């Protein structure tokens, strides 16, 4: 194997592929990146932790000899990152040793035979094909994944549900205390449901953030994996198995109190209230909704706060407590100027939704207050 590639091109590709490398594995080869120089003139970088595999193809490269080798991901990425911004020469020697050099620097590192490196996953032709606009997909994940559980013992709710209905694609995440549902109007050829780890989706969003083009994202789905294709990148994800919670049964069908509020005004008031609620139990803040305002209160041993936020209210007065973090997490991802909050009682969930349409619903369980 022998090739020459620009430092910036190689470094950017390594940053993408490295997101599939885990340091927690006991399998040495999974700590590496597979480098494959092809006679067609392409350089393919691959990494896998068995749950997610990423393959990046570089076309702007000069391949002089084909071949392949696995190199420590951390070492190779650090070496390339610290090289000057010029062409990097890489050559495979005897016993999988690898020379990496520029005009002023030369590294000789130990490589591993690629024979035991896992297959990235072939496209068989039986997969269901879905196409997303890049920004729409990024936003759907950003607005839901924070609601998934981070407790690995909780099973399927560490994942995000991607549900294909006739006229909508729904993305859903929940952790037992809150739930996020985001809907995008899309005509799907057939109904389907898959669950993908929220952690993996967040890594994919980081990769997409580094992609400058607005190229569409192609999803290929079969029973056990999903393949995501965009801009010379292939990502293969192992799907989580099992039946996701019937989230539609959780959403309340009625409300006794409905308020319309300026999202930014509420967000700023909640931020101030959370300064004290963080010191207390459950990040507790209280809402007292009456007349044309929400009175937000929070207290700790260090002091207390009272904040009034103007609203348009319909229905009964209500007093309810929340973990301030759960409300703030929702307000941070919403772009709407005004939002609707629907409540039933002090012990039933609050639902946050848009003033018009059904593009999202957020459910937050209350904290019992004395």
Scan of region 257-277 for residues that are surrounded by fewer than 16 Cβ atoms within 10 Å (Cβ to Cβ) and within 30 Å of residue 163 (Cα to Cα), ordered by number
260
Given the condition on the phi > 0 side of the Ramachandran plot and not assigned by TED's automatic domain parsing to the domain that holds residue 227, answer yes or no: does some residue in region 103-112 qualify?
no
Filter region 119-138 for residues that are in a loop (DSSP other than H, G, I, E, B) and at pLDDT below 85; the one that is farthest from residue 185 (Cα to Cα) is 120
Complete set of residues in region 139-156 that are in contact with a helix residue (DSSP H, G or I) (Cβ under 7 Å, 6 or more places away or on another chain) and part of a helix (DSSP H, G or I)
141, 142, 145, 146, 152
Residue check, residue 245 surrounded by 13 or more Cβ atoms within 10 Å (Cβ to Cβ) and either at pLDDT below 90 or assigned to a loop (DSSP other than H, G, I, E, B) (or both)
yes
Only unsatisfied item for residue 272, checking (1) closer than 19 Å to residue 251 by Cβ; (2) in a helix (DSSP H, G or I), is (1)
Tally of residues being in a loop (DSSP other than H, G, I, E, B) and surrounded by 20 or more Cβ atoms within 10 Å (Cβ to Cβ) across region 32-60
1
Take residues that are free of Cβ contacts under 8 Å to residues at least 40 places away in the same chain, assigned by TED's automatic domain parsing to the domain that holds residue 176 and under 18 Å from residue 262 (Cα atoms) and tell me which of the strands (runs of 3 or more DSSP E) falling wholly in region 291-356 contain 1 or more.
none
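The values are calculated or read from the model by the stated rules, or taken from the named source; none is laboratory data. This structure is a prediction, so every number in the text was calculated from the model and none was measured. Methodologically, a virtual Cβ is constructed for each residue, glycine included, from the backbone with ideal geometry; neighbour enumeration extends over all protein chains shown.
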